[in-house]
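The values are calculated or read from the model by the stated rules, or taken from the named source; none is laboratory data. In this text, all values refer to a predicted model and were calculated from it rather than measured experimentally. Note that each Cβ is placed from the backbone with ideal geometry, even for glycine, and that neighbours are counted across all protein chains shown. The area values use the complete protein model at the heavy-atom level, side chains included, leaving out ligands, DNA and RNA. Shrake-Rupley method; radii C 1.70, N 1.55, O 1.52, S 1.80 Å.
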Amino acid sequence: MNRNTALLVIDVQRDFCAGGALAVPDGDAVVPVINALAVHYETVVITQDWHPAGHVSFASTHPGRAAFETITLGYGTQVLWPDHCVMGSPGAALHPGLTIPHATLILRKGSNRGIDSYSAFLEADRTSRTGLDGYLAARGITAVDLCGLATDYCVSWSAQDARHFGFAARVIEPACRAIDLDGSLAAAWAAMGGAGVVRG
(Lines give C-alpha, C1' and ligand atoms only; values in the text may rest on other atoms or scores of the structure.)
Protein backbone atom coordinates (compact mmCIF):
# COMPACT_ATOMS: atom_id res chain seq x y z
CA MET A 1 0.00 0.00 0.00
CA ASN A 2 1.46 3.35 -1.08
CA ARG A 3 0.88 5.79 1.77
CA ASN A 4 1.76 8.80 -0.39
CA THR A 5 -0.96 8.19 -3.00
CA ALA A 6 -4.62 8.97 -2.32
CA LEU A 7 -7.63 7.63 -4.18
CA LEU A 8 -10.17 10.29 -5.18
CA VAL A 9 -13.62 8.80 -5.78
CA ILE A 10 -15.50 11.40 -7.79
CA ASP A 11 -19.29 11.86 -7.59
CA VAL A 12 -20.52 8.25 -7.54
CA GLN A 13 -24.04 9.41 -6.72
CA ARG A 14 -27.55 8.21 -7.49
CA ASP A 15 -28.30 11.06 -9.92
CA PHE A 16 -25.30 10.07 -12.07
CA CYS A 17 -26.28 6.40 -12.20
CA ALA A 18 -29.12 4.47 -13.85
CA GLY A 19 -32.47 6.16 -13.30
CA GLY A 20 -30.87 9.36 -12.03
CA ALA A 21 -31.54 12.90 -13.19
CA LEU A 22 -28.22 13.09 -15.08
CA ALA A 23 -27.36 9.43 -15.58
CA VAL A 24 -23.93 8.68 -17.03
CA PRO A 25 -24.15 5.73 -19.45
CA ASP A 26 -23.14 2.54 -17.63
CA GLY A 27 -22.34 4.61 -14.54
CA ASP A 28 -23.30 1.85 -12.10
CA ALA A 29 -20.55 -0.37 -13.50
CA VAL A 30 -17.86 1.63 -11.72
CA VAL A 31 -19.12 0.76 -8.23
CA PRO A 32 -17.68 -2.77 -7.80
CA VAL A 33 -14.45 -1.71 -9.52
CA ILE A 34 -14.00 1.21 -7.14
CA ASN A 35 -14.86 -0.89 -4.08
CA ALA A 36 -12.12 -3.35 -5.06
CA LEU A 37 -9.62 -0.56 -5.75
CA ALA A 38 -10.22 1.35 -2.54
CA VAL A 39 -8.90 -1.37 -0.22
CA HIS A 40 -5.41 -0.71 -1.59
CA TYR A 41 -5.32 2.93 -0.40
CA GLU A 42 -4.86 4.26 3.11
CA THR A 43 -6.22 7.69 2.14
CA VAL A 44 -9.51 7.74 0.23
CA VAL A 45 -11.49 10.91 -0.46
CA ILE A 46 -15.05 10.74 -1.78
CA THR A 47 -16.62 13.78 -3.45
CA GLN A 48 -20.30 14.66 -3.76
CA ASP A 49 -21.89 17.16 -6.10
CA TRP A 50 -24.04 19.14 -3.65
CA HIS A 51 -26.13 21.91 -5.21
CA PRO A 52 -28.71 24.24 -3.72
CA ALA A 53 -32.06 24.45 -5.51
CA GLY A 54 -31.93 27.06 -8.26
CA HIS A 55 -28.22 26.52 -8.91
CA VAL A 56 -26.76 28.54 -11.77
CA SER A 57 -25.85 25.35 -13.68
CA PHE A 58 -29.46 24.14 -13.84
CA ALA A 59 -31.30 24.79 -17.10
CA SER A 60 -34.47 25.30 -15.04
CA THR A 61 -32.87 28.37 -13.47
CA HIS A 62 -32.74 30.09 -16.89
CA PRO A 63 -36.20 30.55 -18.47
CA GLY A 64 -36.28 29.55 -22.12
CA ARG A 65 -33.11 27.50 -21.89
CA ALA A 66 -32.84 23.74 -22.26
CA ALA A 67 -30.55 21.17 -20.70
CA PHE A 68 -27.17 20.77 -22.43
CA GLU A 69 -27.27 24.26 -23.95
CA THR A 70 -24.40 26.56 -22.99
CA ILE A 71 -24.46 30.09 -21.64
CA THR A 72 -21.76 32.59 -20.77
CA LEU A 73 -21.33 33.52 -17.13
CA GLY A 74 -18.82 35.80 -15.45
CA TYR A 75 -16.32 32.96 -15.18
CA GLY A 76 -16.80 31.60 -18.73
CA THR A 77 -18.88 29.05 -20.62
CA GLN A 78 -21.35 27.05 -18.57
CA VAL A 79 -23.16 23.90 -19.70
CA LEU A 80 -26.75 23.89 -18.45
CA TRP A 81 -27.69 20.60 -16.81
CA PRO A 82 -30.93 19.00 -15.66
CA ASP A 83 -31.53 19.66 -11.96
CA HIS A 84 -29.30 17.13 -10.18
CA CYS A 85 -27.66 16.37 -6.83
CA VAL A 86 -29.79 18.88 -4.95
CA MET A 87 -28.67 19.10 -1.32
CA GLY A 88 -30.29 16.44 0.82
CA SER A 89 -32.23 14.87 -2.04
CA PRO A 90 -32.19 11.11 -2.74
CA GLY A 91 -30.35 11.80 -6.00
CA ALA A 92 -27.49 13.50 -4.18
CA ALA A 93 -26.84 10.43 -2.04
CA LEU A 94 -23.84 8.25 -2.73
CA HIS A 95 -24.58 5.09 -4.70
CA PRO A 96 -25.89 2.55 -2.17
CA GLY A 97 -23.45 -0.07 -3.41
CA LEU A 98 -20.38 2.06 -2.73
CA THR A 99 -18.61 0.43 0.21
CA ILE A 100 -15.54 2.33 1.41
CA PRO A 101 -15.83 2.48 5.21
CA HIS A 102 -12.24 3.64 5.65
CA ALA A 103 -12.69 6.79 3.52
CA THR A 104 -11.14 9.67 5.44
CA LEU A 105 -13.07 12.58 3.90
CA ILE A 106 -16.32 13.23 2.06
CA LEU A 107 -15.96 16.53 0.25
CA ARG A 108 -19.08 18.31 -0.99
CA LYS A 109 -18.70 20.72 -3.90
CA GLY A 110 -20.95 22.96 -5.99
CA SER A 111 -22.80 24.42 -3.03
CA ASN A 112 -22.24 28.04 -4.10
CA ARG A 113 -25.45 28.92 -5.96
CA GLY A 114 -23.67 31.18 -8.45
CA ILE A 115 -20.64 29.04 -9.37
CA ASP A 116 -20.46 25.52 -10.73
CA SER A 117 -17.80 23.16 -9.42
CA TYR A 118 -16.68 20.20 -11.48
CA SER A 119 -13.28 19.94 -9.83
CA ALA A 120 -12.58 18.56 -6.37
CA PHE A 121 -9.91 21.26 -5.97
CA LEU A 122 -11.18 24.49 -7.56
CA GLU A 123 -14.63 25.83 -8.39
CA ALA A 124 -15.40 26.93 -11.95
CA ASP A 125 -14.36 30.53 -11.27
CA ARG A 126 -10.86 28.98 -11.01
CA THR A 127 -10.06 30.89 -7.80
CA SER A 128 -12.35 29.47 -5.08
CA ARG A 129 -10.54 26.53 -3.48
CA THR A 130 -12.22 23.59 -1.80
CA GLY A 131 -9.27 23.04 0.54
CA LEU A 132 -8.57 19.55 -0.78
CA ASP A 133 -5.04 20.44 -1.83
CA GLY A 134 -4.16 21.47 1.72
CA TYR A 135 -5.84 18.42 3.23
CA LEU A 136 -3.85 16.07 1.03
CA ALA A 137 -0.58 17.91 1.55
CA ALA A 138 -1.06 17.81 5.33
CA ARG A 139 -1.34 14.02 5.12
CA GLY A 140 1.89 13.70 3.13
CA ILE A 141 0.11 12.85 -0.12
CA THR A 142 2.16 13.51 -3.26
CA ALA A 143 0.06 11.67 -5.88
CA VAL A 144 -3.61 10.98 -6.55
CA ASP A 145 -5.39 8.27 -8.47
CA LEU A 146 -8.85 9.29 -9.68
CA CYS A 147 -11.98 7.33 -10.55
CA GLY A 148 -15.72 7.90 -10.76
CA LEU A 149 -18.16 10.01 -12.74
CA ALA A 150 -17.91 11.49 -15.22
CA THR A 151 -14.55 11.04 -16.94
CA ASP A 152 -14.96 14.08 -19.19
CA TYR A 153 -16.19 16.53 -16.56
CA CYS A 154 -15.60 16.15 -12.83
CA VAL A 155 -12.88 13.49 -13.09
CA SER A 156 -11.01 15.38 -15.81
CA TRP A 157 -11.18 18.77 -14.11
CA SER A 158 -10.11 17.24 -10.80
CA ALA A 159 -7.16 15.46 -12.41
CA GLN A 160 -5.97 18.60 -14.16
CA ASP A 161 -6.27 20.62 -10.97
CA ALA A 162 -4.38 17.98 -9.02
CA ARG A 163 -1.50 18.63 -11.42
CA HIS A 164 -1.97 22.39 -10.96
CA PHE A 165 -1.42 21.95 -7.23
CA GLY A 166 1.68 19.83 -7.74
CA PHE A 167 0.34 16.31 -7.30
CA ALA A 168 1.10 13.48 -9.69
CA ALA A 169 -2.23 12.34 -11.13
CA ARG A 170 -3.48 9.17 -12.77
CA VAL A 171 -7.01 8.49 -14.01
CA ILE A 172 -7.96 4.82 -13.65
CA GLU A 173 -9.99 4.43 -16.82
CA PRO A 174 -11.80 1.13 -16.03
CA ALA A 175 -13.22 2.77 -12.88
CA CYS A 176 -14.68 5.75 -14.79
CA ARG A 177 -17.50 6.38 -17.24
CA ALA A 178 -18.15 9.43 -19.44
CA ILE A 179 -21.05 11.55 -20.60
CA ASP A 180 -19.29 12.26 -23.95
CA LEU A 181 -21.29 15.34 -24.93
CA ASP A 182 -20.30 16.62 -28.40
CA GLY A 183 -16.81 15.11 -28.30
CA SER A 184 -16.18 16.04 -24.67
CA LEU A 185 -14.46 12.75 -23.84
CA ALA A 186 -11.74 13.04 -26.49
CA ALA A 187 -11.23 16.69 -25.57
CA ALA A 188 -10.92 15.77 -21.89
CA TRP A 189 -8.29 13.10 -22.51
CA ALA A 190 -6.33 15.55 -24.67
CA ALA A 191 -6.48 18.23 -21.97
CA MET A 192 -5.49 15.77 -19.27
CA GLY A 193 -2.57 14.51 -21.33
CA GLY A 194 -1.42 18.07 -21.88
CA ALA A 195 -1.48 18.64 -18.13
CA GLY A 196 0.64 15.57 -17.46
CA VAL A 197 -2.15 13.31 -16.20
CA VAL A 198 -1.41 9.61 -16.66
CA ARG A 199 -4.08 7.41 -18.25
CA GLY A 200 -4.14 4.16 -16.33
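Condition first: in contact with a Phe, Trp or Tyr (Cβ under 7 Å, 6 or more places away or on another chain) and on the phi > 0 side of the Ramachandran plot. Can you find one or more residues in region 51-58 that meet it?
There is no residue in region 51-58 that is in contact with a Phe, Trp or Tyr (Cβ under 7 Å, 6 or more places away or on another chain) and on the phi > 0 side of the Ramachandran plot.
Run Leu80 past the list (1) touching a residue at least 24 places away in the same chain (Cβ under 8 Å); (2) in contact with a helix residue (DSSP H, G or I) (Cβ under 7 Å, 6 or more places away or on another chain); (3) more than 28 Å from Val39 (Cα to Cα) and report the number of the one that doesn't hold.
(1) is the only condition that Leu80 fails.
Are there any pairs, at least 6 apart or on different chains, whose C-beta atoms fall under 6 Å, with the first in region 138-153 and closer than 14 Å to Ile34 by Cα and the second among the acidic types (Asp, Glu) and modelled with pLDDT of 95 or more, and if so, which?
From region 138-153, the pairs are Gly148/Asp11; Leu149/Asp11.
Open to solvent by 40 Å² or more (accessible area, probe 1.4 Å), of a type in the set (Ser, Thr, Tyr) and out of contact with any Gly (no Cβ under 8 Å at 6 or more places or on another chain), is that true of Thr43?
No.
Can you tell me which residue among Thr5, Thr61 is modelled with pLDDT of 95 or more, open to solvent by 10 Å² or more (accessible area, probe 1.4 Å), more than 29 Å from Phe167 (Cα to Cα) and not aromatic (Phe, Trp, Tyr)?
Thr61
Scan Thr142, Thr104, Thr151, Thr127 and give me the residue that is farther than 16 Å from Thr43 by Cα and in contact with a strand residue (DSSP E or B) (Cβ under 7 Å, 6 or more places away or on another chain).
Only one candidate qualifies: Thr151.
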